Amino acid sequence: MSDGKKDADYYQELRDAMVDRQIRARGIKDPRLLEAMRRVPRHIFVPPAQRGRAYEDMPLPVGEGQTISQPYIVAWMTDLLRLTGDETVLEIGTGTGYQAALLGLLAARVYSMERIESLADSARQRLTDLGFENIEVVVGDGTKGLPEHAPYQGIMVTAGAPQVPQVLTEQLADGGRLVIPVGTASMQMLTVVERKGDRLVTREEGSCVFVPLVGKYGWRR
Ligand code: SAH
């Protein structure tokens with residue numbers, strides 16, 4: 001067996017175990033989501049020094065003071081979007097591109113925004129190398145959203161905001177959902193805002209910890 005094949009089998013086993021013990025065991029049931037998490041090679045998205053821990057039950061540092069979320073948090077947030085496959089989705093906070101890759105498997109089209117250009121560049125390269133063709137990484141301040149491709153059936157913010165930026169709710173399609181951590185710099189409440197016509201219905205799902213969302217309608221640094 002070639003080393004490449006052995007490696008692939010090894011990482012596949014780690015990924016299957018991650019999904020069983022960390023994701024399914026904690027109550028995530030959507031078969032499409034579980035399958036997507038079995039497929040996306042998380043170890044490719046983390047820095048080489050972190051590769052051995054890529055499938056562990058924890059967030060990891062990815063450079064520029066940023067982190068890739070714990071696998072379960074990624075699953076939890078993605079589950080809350082309830083994607084069926086034909087949606088256009090906006091992600092804010094590309095980071096490594098791991099979350100974007102999952103969204104790419106679960107929705108029709110993904111726009112992912114990142115304010116740090118070097119992170120955006122590596123994420124874009126990685127996603128291209130892995131063959132993703134429905135994900136566009138855009139450099140910019142995601143607190144303003146991306147009006148040119150709105151409305152979105154799903155918007156996911158993977159950094160902690162001081163409040164829900166109103167412009168993001170304005171870019172939600174009818175029936176669309178915004179998933180966003182809202183709170184202080186050190187602790188947030190994972191919040192879901194659903195648009196029902198002109199009404200917005202807000203629910204709090206549980207606490208979480210993210211790096212700060214920095215921008216015009218986020219933290220001012
Ligand atoms: N989803 C990522 C992890 C996100 S970490 C992954 O799967 O790897 C949070 C990211 O949000 C960081 O990369 C940070 O630079 C970015 N970020 C913070 N504020 C932002 C803003 N206003 N617009 C776009 N990206 C932002």
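The values are calculated or read from the model by the stated rules, or taken from the named source; none is laboratory data. Computed from a prediction, not measured in an experiment: that's the story for all the values here. Heads up, the Cβs are rebuilt from the backbone with ideal geometry, glycines too, and the neighbour counts pull from every protein chain shown. For the accessible areas, the whole protein counts, side chains as well, though only heavy atoms, and no ligand, DNA or RNA atoms are used. Shrake-Rupley method; radii C 1.70, N 1.55, O 1.52, S 1.80 Å.
Scanning segment 59-100 for residues that are open to solvent by 20 Å² or more (accessible area, probe 1.4 Å), within 13 Å of the ligand (Cβ to nearest atom) and polar (S, T, N, Q) yields Gln66, Thr67, Ser69, Gln70.
Residue by residue, here is whether (1) closer than 26 Å to Asp174 by Cβ; (2) in contact with a strand residue (DSSP E or B) (Cβ under 6 Å, 6 or more places away or on another chain) holds:
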residue: Thr84; (1), (2): yes, no
residue: Val89; (1), (2): yes, yes
residue: Gly95; (1), (2): no, yes
residue: Ile116; (1), (2): no, no
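Counting just the residues of segment 60-118 that are in contact with an Asp or Glu (Cβ under 8 Å, 6 or more places away or on another chain) and among the hydroxyl-bearing types (Ser, Thr, Tyr), which one comes out nearest to Ala49 (Cα to Cα)? The extreme case among them is Ser118.
Restricting Thr158, Thr143, Thr169, Thr202 to residues that are touching a Ser or Thr at 6+ places or on another chain (Cβ under 9 Å), crowded, with 17+ Cβ neighbours inside 10 Å, within 21 Å of Glu87 (Cα to Cα) and polar (S, T, N, Q) narrows the list to Thr158. Output the residues belonging to segment 120-132 that are open to solvent by 20 Å² or more (accessible area, probe 1.4 Å) and over 16 Å from Leu146 (Cβ atoms). Across segment 120-132, the qualifying residues are Asp121, Ser122, Gln125, Arg126, Thr128, Asp129, Leu130, Gly131, Phe132.
When segment 15-29 is examined, which residues are found to be open to solvent by 60 Å² or more (accessible area, probe 1.4 Å) and either more than 12 Å from Ile73 (Cα to Cα) or touching a strand residue (DSSP E or B) at 6+ places or on another chain (Cβ under 7 Å) (or both)?
Asp20, Arg21, Arg24, Ala25, Lys29
Among the residues of segment 78-116, the ones that are among the aromatic types (Phe, Trp, Tyr) and out of contact with any Phe, Trp or Tyr (no Cβ under 6 Å at 6 or more places or on another chain) come to 1 in all. Against the list (1) within 23 Å of Ser207 (Cα to Cα); (2) more than 16 Å from the chain's Cα centre (by Cα), the condition Pro31 fails is (1). Could you list all residues from segment 1-56 that are of a type in the set (S, T, N, Q) and in contact with an Asp or Glu (Cβ under 8 Å, 6 or more places away or on another chain)? The answer is Gln22, and nothing else. Filtering segment 146-155 to residues that are buried (at least 17 other Cβ atoms within 10 Å of the Cβ) and either more than 21 Å from Lys196 (Cβ to Cβ) or hydroxyl-bearing (Ser, Thr, Tyr) (or both) leaves Leu146, Tyr152.
Right, Arg39: open to solvent by 40 Å² or more (accessible area, probe 1.4 Å) and either among the hydroxyl-bearing types (Ser, Thr, Tyr) or touching a residue at least 24 places away in the same chain (Cβ under 8 Å) (or both) or not? When the stated conditions are applied, Arg39 passes them.
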